[in-house]
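Participant: Supplied in structure tokens, the structure appears directly below.
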Amino acid sequence: MKLDITKAAQFLPEGKVASFEPAVNAAQKALEEGTCPGNDFLGWLHLPSETSAEFLNEIKQCAQVLRENCEAVVVAGIGGSYLGARAVLEALGDTFSWLKPSDSPRILFAGNNISEDYLAELIDYLHGRRFGVINISKSGTTTETAITFRLLKKMCEDERGKDMARRVIVAVTDAKRGAARTTADKEGYQTFVIPDNVGGRFSVLTPVGLLPIAVAGYDIDALVRGAQDMERATAPDVPFDENPVAQYAAVRNALYQSGKKIEILVNFQPKLHYVNEWWKQLYGESEGKDKKGIFPATVDFSTDLHSMGQWIQDGERTIFETVISVEQPNHNLAVPRDEENLDGLNFLAGMRIDQVNHKAELGTQLAHVDGGVPNIRISIDKLDEYNIGQLIYFFERGCGVSGLILGVNPFNQPGVEAYKRNMFALLNKPGYEAESRAIQERLK
Ligand code: PA5
């Protein structure tokens, strides 16, 4: 992975990025020494280097049971309990896999909404199929996930029998607390623990992400290896100028202070759509607090050049872009020659589609920089497990360091509770009687 901040730094006074070196060093030190706010949630920091081959084998063995017994596996989870797995699976998978036969179970996602139509249509699809469930919830009490799991558990038991359900339902949850743990222990499901000190949005390299990724047949050893290499490349002893996390955290904080309040994560590969979604949660939930924080937005180019392109080129100048560029495609496809050339495209004949895409990428970068949009560029060699592992750890550490420079606790999410309290009050959840009365008054 390479990071280029030159086309962002040119929008800042000379030496501005370098002036963040002491703040970056202090943040890195606080992470390493566990002295920062949220220091009880730093388990992700050395997770890659602490992940053993035995542990990965345990995950692979469980994945094998699901692979042998299921044609579909539903991952029930929300937020950090689903976005990481989905990001990796979509980045690595065949875009049209749902239309093609496969030896691997189809991975489906649920528990991230409360749509009756979504759940009814999912159940309709699963009906008569050999399916399993990975129930992922750190708290074990998240309503969206719990409702979904209740439905799927019953259906799995009804259709596949209690014994098989016990084999193909796996829980990834807290070691002791929560309804997901209670149910798993009572029913005898295999379980994996989400470590206490790893928050949801930092958990993709725990079984939260690794198990679904392994069930889909991807190489979790290579994923973790990529993250391990990035852990070394971004360690505090790597000099400021050579450390991609230091550079990224410094430049985005410098831009924020100069009035660039919105960061748009850009890809030119539709397969990265969910990497964008994962990143949005990671940075949004970590930094958006205490009335501060860069607003994380995302676009998929070229698609969104024809929707958001106008705004980005010409709208209010409060944005900067971070582009994830993939150097090499995994396929080989060129523009064909056409004798009649009715579409006038023969000037591209023989050119790889990816070369055209890279020209679109460069042309967009030049246009947006001309339009006053600072541009950060992250390039990875290709979409494979190793490179995605690198990207994950880079963004996680970048988020921790950035948030500490910003002066917030990057590892909590108190704001997420507000809607839950209202929803529980409106649903008359036991224990919320006072809130129920108060909210009924407000709604009069
Ligand atoms: O990052 C986070 O902590 C959150 O997004 C959680 O992952 C999300 O709210 C789901 O929580 P839980 O895993 O407890 O069901």
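Every number in this text was worked out from the coordinates using simple rules, so none of it is lab data. Source: prediction; values computed, not measured. Using ideal geometry, Cβ is built from the backbone for each residue, glycine included, and neighbour counts are taken over all protein chains shown.
Participant: How big is the stretch 326-374 in terms of Cα radius of gyration and Dmax, in angstroms?
Facilitator: 14.1, 43
Participant: When we measure straight from the Cα of Lys429, which aspartates and glutamates land under 18 angstrom away, once same-chain ones fewer than 8 places off are left out?
Facilitator: Qualifying aspartates and glutamates at Cα under 18 Å: Glu144, Glu417, Glu441.
Participant: Expected output is a single nm value to one decimal: the length gained when fully extending between Arg437 and Glu187, i.e. 0.36 nm times separation in residues minus the C-alpha distance. What is it? Mind dumping the intermediate values first?
Facilitator: Values: separation 250, 0.36 × 250 = 90.00 nm, distance 3.69 nm.
Answer, rounded to one decimal: 86.3 nm.
Participant: Work out the FRET efficiency for Thr318 and Glu340 from their Cβ-Cβ distance, taking R0 = 41 Å, and round it to the nearest 0.05. Don't skip to the answer; put the middle values down first.
Facilitator: Working: r = 48 Å, r/R0 = 1.17.
Here the calculated transfer efficiency is 0.30.
Participant: Taking θ = phi - 60°, what integer Hz values does the Karplus form 6.51 cos²θ - 1.76 cosθ + 1.60 yield along the stretch 373-384, in sequence order, with x for Gly and Pro?
Facilitator: Along the stretch 373-384, the couplings run 10, x, 10, 9, 10, 10, 10, 10, 4, 7, 8, 9 Hz.
Participant: Separate question: Need the full-extension length gain, Glu68 to Ser19, defined as separation in residues times 0.36 nm minus the C-alpha distance. One decimal, nm. Can you show the working numbers first?
Facilitator: On the way: separation 49, 0.36 × 49 = 17.64 nm, distance 5.54 nm.
Answer, rounded to one decimal: 12.1 nm.
Participant: Over 19 Å between Cα atoms, which of Lys100/Lys162; Lys7/Lys382; Lys7/Lys359; Lys271/Lys292; Lys153/Lys186 qualify?
Facilitator: Lys100/Lys162; Lys7/Lys382; Lys271/Lys292
Participant: Something else now. If you build the convex hull over the alpha carbons only and average its shadow over all orientations, what do you get for the chain? Give it in nm² to one decimal. Walk me through the intermediate numbers first.
Facilitator: On the way: hull surface 100.1 nm².
For the chain, averaging the hull's shadow over all directions gives 25.0 nm².
Participant: How large is the helix-only mean residue ellipticity at 222 nm for the chain, computed as the sum of -39500 (n - 2.57) over DSSP H runs with n ≥ 4, divided by its residue count, in deg cm²/dmol to the nearest 500? Intermediate values should be presented prior to the final figure.
Facilitator: Working: 18 runs with 212 residues, N = 444.
Here the helix-only value at 222 nm equals -14500 deg cm²/dmol.
Participant: Using modelled amide H (1.01 Å from N, peptide plane; none on Pro or chain starts), what sits under 5 Å from the amide H of Val74, excluding residues fewer than 5 places away?
Facilitator: Those qualifying (amide H under 5 Å, at least 5 residues apart or on another chain) are Leu108, Gly132, Val133, Ile134.
Participant: A follow-up question, please. Sort the following peptides by mean Cβ neighbour count (other Cβ atoms within 10 Å, averaged over residues), highest first: 397-409, 337-349, 225-237.
Facilitator: Details: 397-409: 23.6, 337-349: 10.5, 225-237: 18.6.
Sorting 397-409, 337-349, 225-237 by mean packing, highest first, produces 397-409, 225-237, 337-349.
Participant: Report the percentage of all Cα-Cα pairs in the stretch 117-213 whose separation exceeds 16 Å, rounded to a whole percent.
Facilitator: Values: 2554 of 4656 pairs.
In whole percent, the share of Cα-Cα pairs in the stretch 117-213 beyond 16 Å is 55.
Participant: Next question, about the same structure. Past 18 Å, Cα to Cα: identify those pairs from Lys16/Lys260; Lys138/Lys420; Lys176/Lys420, in the order given.
Facilitator: Lys176/Lys420
Participant: Among DSSP beta bridges lying fully in the chain, give the percent that are antiparallel, nearest 5.
Facilitator: Numbers: 5 of 42 bridges.
If we restrict to bridges inside the chain, about 10 percent are antiparallel.
Participant: While we're here: Toward the positive end of the charge dipole of the chain, about the Cα centre and with charges on Cβ (Lys, Arg +1; Asp, Glu -1), which of Ser49, Leu366, Gly80 goes farthest?
Facilitator: With unit charges placed on the Cβ atoms, the residue in question is Gly80.
Participant: Using the Karplus equation 6.51 cos²θ - 1.76 cosθ + 1.60 (θ = phi - 60°), what ³J(HN,Hα) coupling, rounded to whole Hz, does each residue of the stretch 312-320 give in order, writing x for Gly and Pro?
Facilitator: Calculated HN-Hα couplings, in order: 5, 5, 9, x, 4, 8, 10, 10, 9 Hz.
Participant: Suppose a student asked you for the relative contact order of the chain, using Cα pairs under 8 Å spaced at least 6 residues apart; what percent would you report? All intermediate terms of the calculation are to be shown ahead of the outcome.
Facilitator: Working: 739 pairs, mean separation 101.6, N = 444.
Computed value for the chain: 23 percent relative contact order.
Participant: Between Gln190 and residues 5 or more places away or on another chain, which pairs have amide H atoms under 5 Å apart, with H built 1.01 Å from N, and which residues are they?
Facilitator: Ala171
Participant: Would you mind counting up the charge near Val17? Only other residues with Cβ under 11 Å from its Cβ, with Lys and Arg at +1 and Asp and Glu at -1. Walk me through the numbers before you get to the answer.
Facilitator: Values: positive: Lys16, Arg252; negative: Glu14, Glu21, Asp241.
Here the charged neighbours net out to -1.
Participant: Check which residues have an amide H placed less than 5 Å from Thr298's amide H, if you skip close sequence neighbours.
Facilitator: Leu265
Participant: List, in order, the whole-Hz ³J(HN,Hα) value for each residue of the stretch 408-416 obtained from phi through the Karplus relation with A = 6.51, B = -1.76, C = 1.60 and θ = phi - 60°; use x for Gly and Pro.
Facilitator: Karplus-based 3J(HN,Hα) across the stretch 408-416 equals 10, 8, x, 10, 10, 8, x, x, 6 Hz.
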